[in-house]
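Take a look at the structure below.
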Amino acid sequence: MVRAGLKQAWEDSQPGIAGGHEEGGFILQDSAGILHIVRWPKGEQNGIMLPPHPNCQVGEHDIVATFHTHPNTGSNYLQEPGETDRRAVRDDPDLKGKLYKGEFVITWETIYLISPAGEVSEVGNTQEFFQETGGSL
Ligand SMILES: [Zn+2]
């Protein structure tokens, strides 16, 4: 379900050379341990704003991860997470909950994870990730 939600966000961001816009959201865990995606309002071509999320929660639910897309491949745009992306996660005191794993950045070729400390790692190949069924995030 989370995988399908991430794929939907990627498609909604209209990936292309320059016409796309960022999409993103929270991945929340409810008290029964079920994951839910709550999407953020549509972003700009190279940026997106998070709604308020005090104490690393939205409503009663804990944030386990956040994600956003980098849909544009033109030379004016970064595919990999940039300094601004890393700082946004690292310097956000409300993205430091016990369950919080970091922020996924979905690009054409690669899905990255920005850790709560602002370190970037590669999680996997985007197309393979979207094609797999089952498995965990
Ligand atoms: Zn970004």
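The values are calculated or read from the model by the stated rules, or taken from the named source; none is laboratory data. Just so it is clear, the model here is predicted, and its values are computed rather than measured. In this analysis, Cβ positions are derived from the backbone assuming ideal geometry, glycine residues included, and neighbour counts consider all displayed protein chains. The protein model used for the area step is the full one, side chains on, heavy atoms only, and it has no ligands, DNA or RNA in it. Shrake-Rupley method; radii C 1.70, N 1.55, O 1.52, S 1.80 Å.
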Practice item. Could you state the accessible area per residue of the chain in Å², with a 1.4 Å probe and every protein chain left in place? Key: 55
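What does DSSP give for the chain in terms of the percent of beta bridges that are antiparallel, rounded to the nearest 5? Working shown, then result.
Numbers: 23 of 28 bridges.
Looking only at bridges with both residues in the chain, the antiparallel portion is about 80 percent.
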Revision key, fill the gap. Reduced to Cα centres, the span from the range 88-103 to the range 1-56 in Å works out to 15
Check your understanding: Give or take rounding to whole Å, what are the principal axis extents of the alpha carbon atoms in the range 1-86, in descending order?
Key -> 43, 25, 19
Revision key, fill the gap. Given unit charges at Cβ for Lys, Arg (+) and Asp, Glu (-), the dipole magnitude of the chain about its Cα centre in debye, nearest 20, is 180
Exercise for review: May I ask you to evaluate 6.51 cos²θ - 1.76 cosθ + 1.60, the Karplus curve with θ = phi - 60°, for each residue of the range 26-34 and list the ³J(HN,Hα) values in order in whole Hz, giving x for glycine and proline?
Suggested key: 9, 9, 10, 10, 8, 5, 8, x, 8
**Study point:** Distant-in-sequence amide H partners of T110 (H built 1.01 Å from N, under 5 Å)
**Key:** T126
Study note, to complete from the structure: Looks like the range 52-137, by Cα gyration tensor root eigenvalues a ≥ b ≥ c and the a/c under 1.5 rounded cutoff (else prolate when a/b is bigger than b/c, oblate otherwise), is oblate
Practice item. State the percentage of accessible surface on the chain attributable to carbon and sulfur atoms; use a 1.4 Å probe and exclude ligands, DNA and RNA. Key: 50
Check your understanding: When the chain is modelled as a GNM with alpha-carbon springs shorter than 10 Å, which of E109, E23, E83 fluctuates the most?
Key -> E83
Practice item. Rounded to whole Hz and in sequence order, give me ³J(HN,Hα) for the range 65-76 from the Karplus expression 6.51 cos²θ - 1.76 cosθ + 1.60, θ = phi - 60°, writing x for Gly and Pro. Key: 6, 10, 8, 8, 9, 10, x, 9, 9, x, 5, 7
